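A short worksheet on the structure shown next.
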Amino acid sequence: MGMKYEVKKEFIDKHSKEYFSEGSVYETENTERADELAKAGFISEEVMTKTEAEQAEEAALEERLNHVGGGYFELPNGEKVRGRENAIEVLKKLDNGDEKA
């Protein structure tokens, strides 16, 4: 598991071609790449940390997602969402009874 950074400005990673929206999480083990993105203002300079409870909750939610490729995940209701973190957030909203996630 890599280091996680908050995305400050949306971007498409030039290596993975994955889209990262503002407020999402960028994860990498490449500290040089993280430094490059932080200096350019795309991600925070601080590594995000999560409690064990948050990690366990996220892992349980992720098990309910189906990765369909291209950075997209299918939710249990059939909706497709781009980005792992985004899909987890949408799933949380659906679980809380929000009709529009």
Label model pair Val47, Arg64: point-to-point distance (7 angstrom along the Cα→beta-carbon line) in nm is 3.0 nm
Taking Cα atoms, the helix 84-95 axis meets the longest principal axis of the chain at an angle in degrees (rounded to 10) of 30 degrees
Any idea what angle helix 52-62 forms with the longest principal axis of the chain, computed on alpha-carbon atoms, 0 to 90 degrees, nearest 10?
60 degrees
Sort Phe20, Phe42 so the one with the fewest other Cβ atoms within 10 Å of its own Cβ comes first.
Phe42, Phe20
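Read-outs throughout are calculated quantities, based only on the coordinates presented, and are distinct from any laboratory measurement. Remember, it's a predicted structure, so these values are computed and weren't measured experimentally. All Cβ positions, glycine included, derive from the backbone under ideal geometry; neighbour counts span all protein chains shown.
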